[in-house]
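**Student:** Got a structure for you, written out below as structure tokens; questions coming shortly.
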Amino acid sequence: MKRDQSDKRVRARALAWASVVCLTAVGAAVAFDPPMLPLQTTRVDFFSGGTPAGSLSEPLIGPNNCSNCHGGYQPDQAPYDRWITSLMGQASRDPVFWAAFSIAQQDAEFIGDFCLRCHTPIGWARGKLMDPNPTDGSTLSGIDFTGVSCSVCHRMVDPEYVPGQSPARDESILLAVPGSGHLWPHNANYVLDPQDYRRGPHDLQADWLIHNPPDPETGFPGGWPGFHEWERSPFHQDSRMCATCHDVSTPTYTLDTNTGAYVPNALNAPPPVNKYHQFPEQRTYSEWANSLFGQGPVDLNGRFGGSRGAVSSCQDCHMPGIPGAGCGIEAPQRPAIAQHDFNGSNSWVLQAILELWDFDAAETNLSQEAVDGALARNRSMMERASDMELSRIGDDLNVRIINFSGHKLPTGYVEGRRMWINVRFLAANGAVLAEHGAYDFDTATLDAASTKVYEAKHGIDATVAALTGEPEGEAFRLALVNTILKDNRIPPMGFNNAAFELLQAGSVPPNLYADGQYWDDTLFEIPTGAARAEVVVYHQTSTREYMEFLRDQDQRVFPINPITQERILPIATLPYIPERFDDPPANTMGQLAYNLWAALGKSEPVVMDEGSIVVGCLCDWNSNGVTDVPDIFAFLGDWFAATPAANNFGGTPGVPAIFAFLTCWFAGCP
């Protein structure tokens, strides 16, 4: 679709939505109703506690309101400018999420009341998913698509009230929240201030008086001028806040403590309050809480940037502090303001969002420059998350990967995310003798059988297979999986097997790592004639297998608007699909996500670590395992043929390379 047609199509889409809503109160539900749901569930099955939807006395506001004061000055300091280029800021536009969500909706009715609470908290809090509305997201609009926005995080209340530390108003707020599920932060069971009191770690009154001391005679300007109501909140520097959406459980299953299996709950029954009795979709916060970082600061010499040499909380690494101001108006300079970077491991989805909304940059507030900067910061974080050490042990090359993150490496949502070791053994003349973990960048195919792949794999057991009709074994189906088949991800510093088992974060099979071990060693046999090895550790966000699953299993075909004859897309602010991402026709979110992935580099792996090591004789030029006269002739033949390895032997170019080789040859090899 051409840009000059976009305005017309946006208007047509608005009219189409209005007509659909007017035609029938349940039209949106009909539009996205899947043919059959294997797992029968209700809204009650997915609610884990916290502020009820639609209960706020003052509404959450859109982030553009905040950008007036908290954006548009120093781009490395302004909270809005960095937040908008993170997947926190774009969580409700993420096409891969919407594809996975579409399949989850096929697999479990009303699961949208669970998934969308994290990905569109404003829409959820505004009651857009409340009965009689469907939970498929089709009733969302406007600011509902502004991700995990300023207003959501800065109105969050610490679920544990501490007298003299928590804002005094929190006591009554917490008493008014039914149940106690929010005391186990996970699954977006947040408590929100019902009024617009914006919270953060700083004392705005004291800051204002330092920056604007009142006149001794008139007392003007006095205290905080009241741009908005505020409360000082230590919770906003606490990792428990991050647990709200970074410990995730599947609430439809309960742990049978006798067998260790996860069994389906009774229909229309609240899930267990204890999150460790629900199936663990991810346990990033719990991994951190039981690491060395969770016990106190660890000095990493500024590895993760900012002005904090020692780091502990999630915020210390993902929101590094730098000197600056958190507001562009009358703001004091602080020694460490939190950069709202939210750097992570996603290597490509921000680019997909930018190009999907190419018709209107004001919708996403993204630019190519900003996206490039954010993706570069993500790559940098992945590079700093680990170190690699290479050594020779007998006839083997040992590759040690050391985890410097505060959680497993990799961590988070397990579907499609992996890390692996690529090893290339080279002869002295540069010929590749053997390769482990080869990756075809054109087809996005990994030779996983030949190397170590760090990943978690979930699956469906016999009980759920019989209940749903899905095959037993490995599966990507987030709403249905209830067993962990593999988890060899590297644990963090301070790791303890017993503690991690209690948190549902142990390795599978058990005890892959010794207590305290935050590294992993892998041995690769050195082939005969190998002179050196080149090693790369890769991380990939979205595997080919996962993207093909989204493409092939999403059956929720976009309906056609009867007036405009155009597809009705589940993301209301996306009026059309750009032509380059519509071949083959993107009639489902799964196909659209796949088309984006294929067009934008197929989630090209990110290099985390790389290095090389000498493992054999550099002057055994014909790779026969001995240093003899034929090696000289073989070398000279390659030198005259201008092969790179010969013409730059030992890092010495040209004719001196011959003398460097002969020096090596006469010295012999051990």
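The values are calculated or read from the model by the stated rules, or taken from the named source; none is laboratory data. Being a predicted model, the structure only gives us computed values, none of them experimental. Here Cβ is always computed from backbone atoms with ideal geometry, including for glycine, and neighbour counts include all displayed protein chains.
**Student:** Of the residues that sit in the stretch 45-63 and are among the polar types (S, T, N, Q) and crowded, with 20+ Cβ neighbours inside 10 Å, which one is modelled with the lowest pLDDT?
**Tutor:** Selected residue: Ser48.
**Student:** Output the residue which, of all residues in the stretch 410-419 that are buried (at least 22 other Cβ atoms within 10 Å of the Cβ) and either touching a Phe, Trp or Tyr at 6+ places or on another chain (Cβ under 7 Å) or free of Cβ contacts under 8 Å to residues at least 12 places away in the same chain (or both), is farthest from Ser612 (Cα to Cα).
**Tutor:** This residue is Glu415.
**Student:** Inside the stretch 622-657, can you point out the residues that are β-branched (Val, Ile, Thr) and either at pLDDT below 90 or closer than 20 Å to Val432 by Cβ (or both)?
**Tutor:** Scanning the stretch 622-657 gives Val626, Thr627, Ile632, Thr643, Thr652.
**Student:** When you check Gln165 against the structure, is it surrounded by fewer than 16 Cβ atoms within 10 Å (Cβ to Cβ) and touching a helix residue (DSSP H, G or I) at 6+ places or on another chain (Cβ under 7 Å), yes or no?
**Tutor:** Answer is yes for this residue.
**Student:** May I pose another question? I'd like the residue in the stretch 223-251 that is out of contact with any Cys (no Cβ under 7 Å at 6 or more places or on another chain), among the hydrophobic types (A, V, I, L, M, F, W, C) and in a helix (DSSP H, G or I) and, out of all such residues, is nearest to Leu204 (Cα to Cα).
**Tutor:** Phe235
**Student:** What residue, among those in the stretch 385-408 that are of a type in the set (A, V, I, L, M, F, W, C) and part of a strand (DSSP E or B), is surrounded by the fewest Cβ atoms within 10 Å (Cβ to Cβ)?
**Tutor:** Ile393
**Student:** Another question about this same structure. So the check is Cβ under 7 Å with 6+ separation or different chains; which pairs have a first residue in the stretch 364-384 that's assigned to a helix (DSSP H, G or I) and a second one that's surrounded by 17 or more Cβ atoms within 10 Å (Cβ to Cβ) and β-branched (Val, Ile, Thr)?
**Tutor:** Partner pairs satisfying both residue conditions: Thr364/Ile353; Ala370/Thr85; Val371/Thr85; Gly373/Thr85; Ala374/Thr85; Arg379/Val606; Met382/Val606.
**Student:** Let me ask something else about it. Hey, any hits in the stretch 437-446 for a residue that's among the acidic types (Asp, Glu), surrounded by fewer than 19 Cβ atoms within 10 Å (Cβ to Cβ) and more than 27 Å from Lys408 (Cα to Cα)?
**Tutor:** Looking through the stretch 437-446, at least one residue is among the acidic types (Asp, Glu), surrounded by fewer than 19 Cβ atoms within 10 Å (Cβ to Cβ) and more than 27 Å from Lys408 (Cα to Cα).
**Student:** What's the number of the condition Phe110 fails, among (1) out of contact with any Phe, Trp or Tyr (no Cβ under 8 Å at 6 or more places or on another chain); (2) farther than 16 Å from Ile61 by Cβ; (3) aromatic (Phe, Trp, Tyr)?
**Tutor:** (1)
**Student:** Condition first: assigned to a strand (DSSP E or B) and buried (at least 19 other Cβ atoms within 10 Å of the Cβ). Now tell me which residues in the stretch 335-350 satisfy that.
**Tutor:** Residues satisfying the conditions are Ile337, Ala338.
**Student:** Condition first: without any contact (Cβ under 8 Å) to a residue 40 or more places away in the chain and either aliphatic (A, V, I, L, M) or within 16 Å of Ala361 (Cβ to Cβ) (or both). Now tell me which residues in the stretch 570-586 satisfy that.
**Tutor:** Residue satisfying the conditions is Ala586 alone.
**Student:** When you go through Thr120, Thr42 one by one, which is the residue that is within 24 Å of the chain's Cα centre (by Cα), closer than 30 Å to Asp552 by Cα and either buried (at least 23 other Cβ atoms within 10 Å of the Cβ) or at pLDDT 90 or above (or both)?
**Tutor:** Thr120
**Student:** Residue by residue through the stretch 351-372, note down the ones that are among the hydroxyl-bearing types (Ser, Thr, Tyr) and surrounded by fewer than 19 Cβ atoms within 10 Å (Cβ to Cβ).
**Tutor:** Listed by number, the list holds a single entry, Ser367.
**Student:** Has the stretch 208-222 got any residue that is surrounded by 19 or more Cβ atoms within 10 Å (Cβ to Cβ) and either in a loop (DSSP other than H, G, I, E, B) or not hydroxyl-bearing (Ser, Thr, Tyr) (or both)?
**Tutor:** yes
**Student:** Output the number of residues of the stretch 329-382 satisfying the condition of being out of contact with any Phe, Trp or Tyr (no Cβ under 8 Å at 6 or more places or on another chain), of a type in the set (Ser, Thr, Tyr) and under 28 Å from Tyr576 (Cβ atoms).
**Tutor:** 2
**Student:** Is it the case, given these coordinates, that Pro297 is more than 20 Å from Ser386 (Cα to Cα) and either in the same structural domain as Met493 (by TED's automatic domain parsing) or in contact with a Ser or Thr (Cβ under 9 Å, 6 or more places away or on another chain) (or both)?
**Tutor:** The answer is no for Pro297.
**Student:** Do we have Gln555 as part of a loop (DSSP other than H, G, I, E, B), of a type in the set (S, T, N, Q) and out of contact with any helix residue (DSSP H, G or I) (no Cβ under 9 Å at 6 or more places or on another chain) here?
**Tutor:** No; evaluated as a whole, the condition is false for this residue.
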